[in-house]
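Student: Before we start, here is the structure in question, set down as structure tokens.
The values are calculated or read from the model by the stated rules, or taken from the named source; none is laboratory data. Keep in mind that what you see is a predicted model, and the values were worked out from it rather than measured. Backbone-built Cβ (ideal geometry, glycine too); neighbour counts: all protein chains shown. Heavy atoms of the whole protein, side chains included, go into the accessibility calculation; ligands, DNA and RNA do not. Shrake-Rupley method; radii C 1.70, N 1.55, O 1.52, S 1.80 Å.
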Amino acid sequence: MQRYFSLAECDVMGFDLDHTLCRYHLPQSARLIYDSFAQYLVTEKGYDEDLLTLAPDSLDFCCKGLVLDIEEGNFLKLAEDGTVLRASHGTKSMTSEEILEAYGRREWKHFNTVSGMVSRSAKYYLYDNYFDLPGALLCARVVDSLDQHDAQKKYDFWKDMVAAIQHNYKITAFKEDCGTYFPEVKNHPDKYLQRCPESVKKWLKQLKSAGKILLLITSSHSDYCRLLCEHILGNDFEEYFDVVITNALKPGFFSHTPNQRPFRTLENDEEQEALLSLDKPGWYSQGNAIQLYELLKKMTGKLDPKVVYFGDSMHSDIFPARHYSNWETVFILEELLGDKVTMPAETESEPLEKKGKYEGDQLQAPYFVSKQWGSFFVDRLPGLENAEETLVHTWSCKCISTYSTIAIPSLEAIADLPLDYRFTRFSANSSATAGYFPSPPGALLPNEESVTMK
């Protein structure tokens with residue numbers, strides 16, 4: 001595999017929508033997602049009303065890459081070899097001794113399935129994107145609450161959590177104004193959504209005029225997709241894309257066969273009959289990457305068109321696009337903005353415009369490094385006696401270099417570059433930080449270790 005990657009060599013550009021093309025105001029959207037689940041648990045399932053109040057700094061608990069060990073009520077931060085680096089029971093951090101007692105210094109028992117990106121499990125849940133993360137805080141607080149009222153040995157709140165997610169995000173929720181989430185975003189889009197920067201809109205147009213085919217592939221349903229796109233790109237948003245696929249149900253979009261997951265046409269946002277094949281560009285629902293690729297061959301006139309896909313979820317976007325479809329992948333990782341230095345607030349090296357942005361809302365943006373969980377990328381090995389601390393890469397960090405072509409903090413970071421700009425790609429024979437653009441996370445740079453690992 002060559003060392004460099006250039007968008008000029010790609011025939012097709014695919015984009016995820018949420019947290020990729022459409023960026024959210026994270027403190028506000030995290031709070032809304034938390035509230036929408038908590039509301040349901042309290043009113044429908046009889047959970048403790050205390051869950052409805054949130055301390056301002058409680059979102060610090062939210063850290064991408066955590067795995068919930070459902071039966072134990074524990075959250076785990078895993079090293080690349082599958083051992084447990086940090087853990088909490090509910091929201092309460094476990095000590096090194098407690099971690100050693102519960103998990104030893106061996107591979108966590110479900111690591112094999114989690115690292116194979118098998119996500120459907122009654123045993124664990126992987127939190128890897130901003131839509132899921134506030135749910136981690138809620139689950140942790142549910143564990144705290146259950147412990148308080150009645151010491152649990154095994155926990156069975158997960159089915160209620162799944163019901164809360166389904167209630168808020170089900171396909172008809174937007175239309176029926178049901179749940180807390182969609183009605184609120186509909187009524188106050190500016191509070192939650194960041195408009196697409198002009199540089200990115202211009203870049204999308206340049207890609208098109210350079211003859212690239214543009215795809216939008218989102219698991220959001222078509223009505224919510226339309227609201228987002230009109231708000232962030234404008235009423236002419238459909239002109240940016242050749243093919244729009246909503247309710248794509250990723251990662252299944254990449255892993256399922258045409259008869260398991262056919263494309264469907266839409267009429268007034270209602271899914272219509274299944275299509276036997278995908279014959280022309282347009283707006284579709286569900287579907288699969290195999291039939292999409294057949295259409296792309298026709299559209300490009302090439303036997304083997306080269307596709308790059310941009311997304312923010314390792315599990316739903318990056319891993320499956322690479323693993324099942326062998327597409328190039330660009331991982332959108334906002335943590336690259338926040339992992340530079342974790343110093344006390346007064347010496348924070350954040351640009352001023354970021355500091356002032358959410359003055360009215362004291363909830364901290366989730367992509368600043370979590371005090372409780374530390375860096376997304378590296379951590380110390382706990383419980384070692386010798387003075388020399390060993391820094392190890394997290395499993396999340398390992399996934400990035402394994403499955404992404406490059407990782408960037410946002411589309412804006414590359415929008416002004418010439419189309420033939422050559423990025424150094426992640427590869428087994430280049431350094432672990434090669435594929436991060438514009439610069440590697442501070443935590444991975446040797447001279448930063450003392451600063452980043454408080």
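Student: Give the residue, chosen from PHE377, PHE423, that is touching a Gly at 6+ places or on another chain (Cβ under 8 Å) and either farther than 24 Å from SER255 by Cβ or at pLDDT 60 or above (or both). Walk me through it before giving the result.
Tutor: Working: PHE377 fails: touching a Gly at 6+ places or on another chain (Cβ under 8 Å).
After ruling out the rest, the residue left standing is PHE423.
Student: Any residue in region 198-216 that is open to solvent by 30 Å² or more (accessible area, probe 1.4 Å) and more than 30 Å from VAL12 (Cβ to Cβ)?
Tutor: Scanning region 198-216, I find no residue that is open to solvent by 30 Å² or more (accessible area, probe 1.4 Å) and more than 30 Å from VAL12 (Cβ to Cβ), so the answer is no.
Student: If you don't mind, there's one more thing I want to ask. Which of (1) part of a helix (DSSP H, G or I); (2) among the aliphatic types (A, V, I, L, M); (3) modelled with pLDDT under 95; (4) open to solvent by 20 Å² or more (accessible area, probe 1.4 Å) does ALA443 not meet, given it meets every other one?
Tutor: Result: ALA443 fails condition (4) only.
Student: Look at LEU207 and say whether it is farther than 19 Å from GLN286 by Cα, in contact (Cβ under 8 Å) with a residue 12 or more places away in the chain and part of a helix (DSSP H, G or I).
Tutor: On the way: farther than 19 Å from GLN286 by Cα: yes; in contact (Cβ under 8 Å) with a residue 12 or more places away in the chain: yes; part of a helix (DSSP H, G or I): yes.
So LEU207 fits the description; yes.
Student: Scan region 261-273 and tell me whether some residue there is among the β-branched types (Val, Ile, Thr) and either in contact (Cβ under 8 Å) with a residue 24 or more places away in the chain or more than 16 Å from SER220 (Cα to Cα) (or both). Please lay out each step first, then the result.
Tutor: Filtering region 261-273 down to residues among the β-branched types (Val, Ile, Thr) leaves 265.
Filter again for either in contact (Cβ under 8 Å) with a residue 24 or more places away in the chain or more than 16 Å from SER220 (Cα to Cα) (or both), leaving none.
Looking through region 261-273, none of the residues is among the β-branched types (Val, Ile, Thr) and either in contact (Cβ under 8 Å) with a residue 24 or more places away in the chain or more than 16 Å from SER220 (Cα to Cα) (or both).
Student: In addition: Select the helices (runs of 4 or more DSSP H) contained entirely in region 13-117, then report the ones holding at least 3 residues which are surrounded by fewer than 22 Cβ atoms within 10 Å (Cβ to Cβ), charged (D, E, K, R) and touching an Asp or Glu at 6+ places or on another chain (Cβ under 9 Å). Let's see the steps before the verdict.
Tutor: Working: elements: 26-45, 96-103, 111-115.
Counting at least 3 such residues, we get 26-45.
Student: Now for a different question. Within region 406-440, which residues are in contact (Cβ under 8 Å) with a residue 40 or more places away in the chain, β-branched (Val, Ile, Thr) and either part of a loop (DSSP other than H, G, I, E, B) or open to solvent by 10 Å² or more (accessible area, probe 1.4 Å) (or both)?
Tutor: THR424
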